[in-house]
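Everything on this sheet refers to the single structure shown next.
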Amino acid sequence: MTRLRTEIPGPRSRELTARRGSAVASGVGSALPVFVERAEDGLLVDVDGNRLIDLASGIAVTSVGNPAPRVARAVREQVDRFSHTCFMVTPYEGYLEVCERLGELTPGDHEKRSVLLNSGAEAVENAVKIARRATGRAAVVVFDHAYHGRTNLTMALTAKEVPYKHGFGPFAPEVHRVPGSYPLHDGLTGEQAARRAIAAIERVDDLACVLIEPIQGEGGFIVPAPGFLPALARWCRERGVLLVADEIQTGFCRTGAWFACDHEGVVPDLVTTAKGIAGGLPLAAVTGRAEVMDAVHAGGLGGTYGGNPIACAAALGAIDTMRELDLGAAARRIGATALPRLRALDSPLVAEVRGRGAMLAVEFADRTPEVAGRVAAACHAAGVVVLTCGTYGNVIRLLPPLVIPDVLLAEGLAVLEDAITAARGS
Ligand SMILES: *Cc1c(COP(=O)(O)O)cnc(C)c1O
């Protein structure tokens with residue numbers, strides 16, 4: 001508790017929250033209404049001088065630390081040289097280097113090409129554009145519990161109605177939703193779940209691509225049963241349907257490998273990345289087979305800011321940090337520490353503790369946001385930033401920075417454990 005100087009949120013944060021109401025659109029939410037002044041080593045320091053343990057990393061973004069020294073240095077150097085030219089006007093080396101790294105790091109050793117963009121949703125939109133152009137087909141298959149963004153096409157691809165889609169239609173056509181693999185709820189093996197999914201996919205005509213998060217993020221940190229993804233990949237390959245892996249939340253060491261597909265040797269045709277790629281700077285990418293990517297006509301892809309030089313410099317600093325500090329191993333250590341601890345709680349409120357690497361979740365048996373919301377609120381009050389997720393809002397998710405000091409992780413987990421234990425009594 002010594003990290004906290006006031007109640008959470010403190011008086012200065014409450015003041016800013018009141019001001020926010022007359023300037024910031026109310027449709028923009030905040031999980032925890034604490035205004036941040038700076039960050040250090042796994043902590044967020046708020047405007048009241050409270051130090052909060054960060055188990056969210058700004059939704060899996062600041063995996064390399066916040067601020068991360070190499071990212072900060074790269075950004076400072078780049079902003080002093082030039083801040084923007086637009087790659088479509090005059091190119092620069094940073095963009096090229098990020099694409100080269102993406103080619104090396106993403107699954108598969110085939111020849112690849114990349115396009116850089118600003119946000120995850122934009123990457124997903126472009127992946128669909130590319131898949132349609134390359135195949136000459138229109139339909140896209142997505143899954144129950146999927147999350148792919150908030151733009152018009154990606155809202156159509158996203159499953160959850162409230163708050164992401166409610167009242168925002170009409171949505172883009174040619175999107176078909178099929179069941180995935182949610183072992184806790186469906187009790188199916190990977191093979192069985194894949195057979196069920198494939199039976200539904202086979203009813204879709206004119207299919208360009210199957211779009212899947214290898215571990216579903218906003219939908220509940222759902223790790224598919226082993227064998228599900230490889231079976232799906234096999235079917236796609238045999239049918240000439242493109243497999244698009246949305247690795248926006250799972251990518252860049254988060255799950256203990258460079259990409260979540262790596263755990264089962266799945267090689268997608270296209271991969272979308274964003275979030276953890278650039279240590280907090282806005283950057284996203286689509287990386288894919290050269291022949292698929294290059295099926296798009298010149299001028300068909302791009303955007304004013306896509307692959308901004310400062311964001312590219314940040315990405316190179318972030319990727320160097322991941323390599324140098326072996327953050328894949330760090331993520332595996334976080335999982336190996338947290339999973340047994342949380343499982344040992346053995347609370348009747350908890351339906352499942354799951355996850356991979358540093359992408360961890362506690363799903364509550366109550367299929368409403370009630371218990372998860374109460375646990376999250378107790379963590380927040382004790383100065384630990386956790387997020388909820390899940391189609392039913394009944395999941396607490398942990399996305400600690402991969403460089404989090406062991407003592408802070410232990411302290412954060414202890415607060416979560418206490419919150420879960422206390423929730424039982426209320
Ligand atoms: C966050 C997320 C997106 C959307 O990314 P934005 O940068 O918020 O547009 C898409 N797909 C997945 C899996 C995500 O987690």
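Annotations for the structure displayed:
- Summarising the label geometry, the points placed 7 Å from Cα in the beta-carbon direction at residue 79 and residue 111 lie 3.9 nm from one another.
- The stretch between residue 336 and residue 367, if pulled fully straight at 0.36 nm per residue, gains 8.5 nm over its current Cα-Cα span.
- Exposure of residue 293 as accessible area (Å², to 10), given a probe of 1.4 Å and all protein chains: 10 Å²
- Ordering 335-341, 46-52 by mean Cβ neighbour count within 10 Å, with the highest value first, yields 46-52, 335-341.
- Whole-Hz Karplus values for region 340-353 come out as x, 4, 5, 5, 5, 4, 6, 7, x, 6, 8, 7, 6, 10 Hz, taken residue by residue from phi with 6.51 cos²θ - 1.76 cosθ + 1.60 and θ = phi - 60°; glycine and proline positions read x.
- Expressed as a whole percent, the accessible surface of region 69-325 that belongs to carbon and sulfur atoms is 52, based on a 1.4 Å probe.
- Inter-part distance where region 88-107 and region 275-301 are each reduced to a Cα centre, Å: 9 Å
- Annotation for region 58-133: GluC sites (Glu not before Pro) lying in DSSP loop with at most 16 further Cβ atoms inside 10 Å of their Cβ are 111.
- Across every pair of non-identical alpha carbons in region 91-162, the mean reciprocal distance, once inverted, gives a Kirkwood radius of 14.1 Å.
- In this simple spin-label model, placing a label point 7 Å from the Cα along the Cα-to-Cβ direction at both residue 19 and residue 239 gives a separation of 5.5 nm.
- Under the Karplus curve 6.51 cos²θ - 1.76 cosθ + 1.60, θ = phi - 60°, whole-Hz ³J(HN,Hα) for region 286-295, x wherever Gly or Pro sits: 10, 10, x, 3, 3, 6, 6, 4, 7, 6
- Residue order for 148, 166, 263 - accessible surface, 1.4 angstrom probe, largest first: 166, 263, 148
- Largest GNM mean-square fluctuation among 304, 250, 106, using the chain with Cα springs under 10 Å: 304.
- The mean of 1/r over all distinct Cα pairs in the chain, once inverted, gives the Kirkwood hydrodynamic radius of 22.0 Å.
- Surface per residue (accessible, 1.4 Å probe) for region 69-325, Å²: 40 Å²
- Ratio of the Cα radius of gyration of region 1-74 to 2.2 N^0.38 Å, where N counts its residues: 1.20
- Of 281, 345, 207, the one that fluctuates the most in a GNM where the chain has Cα springs shorter than 10 Å: 345
- Using the Cβ-Cβ distance between residue 2 and residue 203 with R0 = 45 Å, the FRET efficiency computed as 1/(1 + (r/R0)^6) comes to roughly 0.15.
The values are calculated or read from the model by the stated rules, or taken from the named source; none is laboratory data. Owing to the predicted nature of the structure, the values given are computational and were not obtained by experimental measurement. Methodologically, a virtual Cβ is constructed for each residue, glycine included, from the backbone with ideal geometry; neighbour enumeration extends over all protein chains shown. Heavy atoms of the whole protein, side chains included, go into the accessibility calculation; ligands, DNA and RNA do not. Shrake-Rupley method; radii C 1.70, N 1.55, O 1.52, S 1.80 Å.
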